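Single-structure report; data block below.
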Amino acid sequence: MKRMMMFAALAATLVSCGGGGGRPNFGDNEYPVVTVGTSSADMQTTYPATIKGVQDVEIRPKATGFITQINVREGQTVGAGQLLFVLDNETYQAQVRQAQAAVNTAQQQVNTAQLTYENSKQLHENKVIGDYELQTSQNTYESAKAQLAQAQAALASAREALSFCYVKSPAAGVVGTLPFKKGALVSGSNVLTTVSNISSMEVYFSVTEKDAMNFSRDGEGLNTLPPVKLKLADGSIYAHEGKVTKMSGVIDQATGTVQLIAVFTNPEKLLKSGGAGTIIIPRVASSAIIIPQACVMEVQNKKFVYTVGKDNKVKYTEIKVDPQDDGNNFIVTDGLKAGDKYVTNGITKLNDGMEIVPITPERYQQKIDEQAKAMSAGDIVGAMKK
C-alpha cells in the first residue's frame, strides 16, 4: 500500500512537470503532439454595467421653507400621491385666508351690483331711467364679476402655493436616501430624496462600435440577442435573466462605444438603483479551435505555441485568442487552423527549429507510468525533492 502511494505521488510529480513546463526525462526526444480540430464552444462576453430603476424621480420642493414633517423612511415603498414631506406653511395659509376673504368681498360686490342692475332694468322698462343709467348699472355689474374672477384666480394661486408645502410622490417606488432632516431649510435646488420604481430594473452597459454594427446589420436587430445574465457585485449570478431592449443611436466619441440597456425583473427587490454589476451575453462559436492553456507560452502579452511541421521540426508560432476563456482552455482566433499539429507538454524544453519524435498524448502518459514503475525508491525520493 505504501509503495502504491509512492508511485502515485511520483506520477503526480511527473505529470505536473510535463504540464506546460518541464517534461519527464525519457532519455529520447519524444513529445506529445495533437492535431488541431474544430468543435462548437459555449462562450460568453462580459461588459461592466450600471443598474438603475426603470423610473428614478428626484423629489424637489417647489416652495422654500423649513421641513416640519418627514413622513417616510429610507427604503420604504410608497405609492403615487403619497405625502413625503411637509414644509412650514403658516405664511402660505395666511395668504390663502387673505385670498378667500377677497373672494368673499368680491362676491358680495357682485351680488349688490346684480341687484342694482336688475332693478335698473325694471326702471328702464317703466321709462323711469334712461339708457345711460341702465348701461352704467350693467357696467358696474360686469366689473364686479371680473373682480370676483380675479379674486378667485388669486385664491387658486394661493392654494397652489400652499400645496407646494406638501411634497408628494409623483410615482410609485422605493424611497432613496434622506439627506435633509426635520428643521432644515430647503428650496427647489435641493433634492429631498429619490423615488425609484424597482419592479423592473434597467441595466446600462456599453459595447464596441464593431459589436453594435453586428447587432444592427441583422434585420431583427436586438431581437436576435439571446437572454442575458447579470453578475452581481458579490460575484453571484442574478436569478432572473434579462432582455436587451434598447440601443443608443449615438457613438460616444471619447470611448468609441455604444450604450445598450437590458431590462431585468426585480420581484425580490434584490437589485438597487445605482448598483454595479456585469452583463454576460452568451454565444456559441461553431467550428472553434480550442487548445489547453497549459500548452501556450505567453511573452510580453503575446501567446505562442510550438507547431510541428512535416519534417517533425517545431516552430515557435504566435497565436491570437478570444479574450473570454474558461480558465482552462483558449479559443484560437488566428495562428492555427484545422489540421495543424502542436506540442502539448514539455514546451519549455523546446527551441525553434528543434526536431522531435511526435507521440500521442496517450503514449506520453504511458511512458510516464512506465518510468514511475521503473524508478527505485531513492529515485522517487529524489524526484519528489526537486
Here, segment 240-386 modelled as identical Cα point scatterers in vacuum has Debye log10 I(q)/I(0) at q = 0.11, 0.18 Å⁻¹ of -0.71, -1.17
Any residue on another chain or 5+ positions along whose placed amide H is under 5 Å from the amide H of ASP340 is listed here as VAL36
In nanometres, the difference between 0.36 nm per residue of separation and the alpha-carbon distance of SER200 and GLN98 is 32.0 nm
In whole Hz, the Karplus estimates of ³J(HN,Hα) for segment 166-182 (6.51, -1.76, 1.60; θ = phi - 60°; x where Gly or Pro) are 10, 7, 10, 7, x, 8, 7, x, 10, 6, x, 6, 10, x, 10, 9, 4
Under a 1.4 Å probe, counting only protein heavy atoms, HIS124 has an accessible area in Å², nearest 10, of 50 Å²
Per the helix-only model, the chain has a calculated mean residue ellipticity at 222 nm (DSSP H runs of ≥4, -39500 (n - 2.57) each, divided over all residues, rounded to the nearest 500) of -10500 deg cm²/dmol
Rounded to the nearest 10 Å², the 1.4 Å probe accessible area of MET213 is 90 Å²
Projected onto the charge dipole of the chain (unit charges on the beta-carbon of Lys, Arg, Asp and Glu, signs +1, +1, -1, -1), the Cα from VAL174, SER189, ILE280 with the largest positive-side position is that of ILE280
For LYS181, the aspartates and glutamates lying under 16 Å Cα to Cα, once residues fewer than eight places off in the same chain are dropped, come out as GLU74, ASP88
Put ILE290, ILE67, ILE331 in order of accessible area, largest first, probe 1.4 Å, and you get ILE290, ILE331, ILE67
Regression test value, accessible area per residue of segment 306-368, probe 1.4 Å, units Å², expected 57 Å²
Extend 7 Å from the Cα of VAL86 along its Cα-to-C-beta direction; within segment 146-188, residues with backbone N under 11 Å of that point are 166-167
Excluding residues fewer than 8 positions from LYS121 in its own chain, the aspartates and glutamates with Cα under 16 Å of it are ASP131, GLU133, GLU142
Counting only protein heavy atoms and leaving out ligands, DNA and RNA, the solvent-accessible surface of LYS302 at a 1.4 Å probe, in Å² to the nearest 10, equals 100 Å²
Given backbone amide H placed at 1.01 Å from N, residues whose amide H is under 5 Å from that of GLY275, ignoring those fewer than 5 places away on the same chain, are ILE51
From the cross-link list LYS210/LYS269; LYS168/LYS243; LYS52/LYS168; LYS231/LYS320, the entries with a Cα-Cα span beyond 25 Å are LYS210/LYS269; LYS168/LYS243; LYS231/LYS320
With +1 at each Lys and Arg Cβ and -1 at each Asp and Glu Cβ, the charge dipole magnitude of the chain around its Cα centre, to the nearest 20 debye, comes out at 1000 debye
Expected max-MSF residue from GLY53, GLY173, GLY79 in the GNM of the chain (alpha carbon, under 10 Å) is GLY79
So the carbon and sulfur contribution to the accessible area of segment 132-190, 1.4 Å probe, in percent, is 56 percent
Checking SER120, SER169, SER206 against a Gaussian network model of the chain (alpha-carbon springs below 10 Å), the top fluctuating residue turns out to be SER120
Calc'd 3J(HN,Hα), segment 126-141, phi into Karplus 6.51 cos²θ - 1.76 cosθ + 1.60 (θ = phi - 60°), Hz, glycine/Pro = x, comes to 8, 6, 7, 10, x, 5, 4, 5, 5, 5, 4, 5, 5, 4, 4, 5
Label model pair GLN138, ASN190: point-to-point distance (7 angstrom along the Cα→beta-carbon line) in nm is 5.6 nm
Inter-part gap, Cα centre of segment 140-167 to Cα centre of segment 238-312, in whole angstrom, is 62 Å
Listed by chain and number, the residues whose amide H is under 5 Å from that of ILE319, excluding neighbours fewer than 5 places away on the same chain and using placed H, are LYS303, PHE304, VAL305
Restricted to the chain, the DSSP antiparallel beta bridge percent, nearest 5, is 95 percent
Segment 103-207: relative contact order from alpha carbon pairs under 8 Å, six or more residues apart, as a whole percent, is 24 percent
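Of VAL263, VAL207, which has the most accessible area and how do the rest follow, probe 1.4 Å?
Ranking VAL263, VAL207 by accessible area, largest first, yields VAL263, VAL207.
The values are calculated or read from the model by the stated rules, or taken from the named source; none is laboratory data. These numbers were taken from a predicted model, which means no experiment stands behind them. Note that each Cβ is placed from the backbone with ideal geometry, even for glycine, and that neighbours are counted across all protein chains shown. Side chains are part of the model used for accessible areas, which takes the heavy atoms of the whole protein and leaves out ligands, DNA and RNA. Shrake-Rupley method; radii C 1.70, N 1.55, O 1.52, S 1.80 Å.
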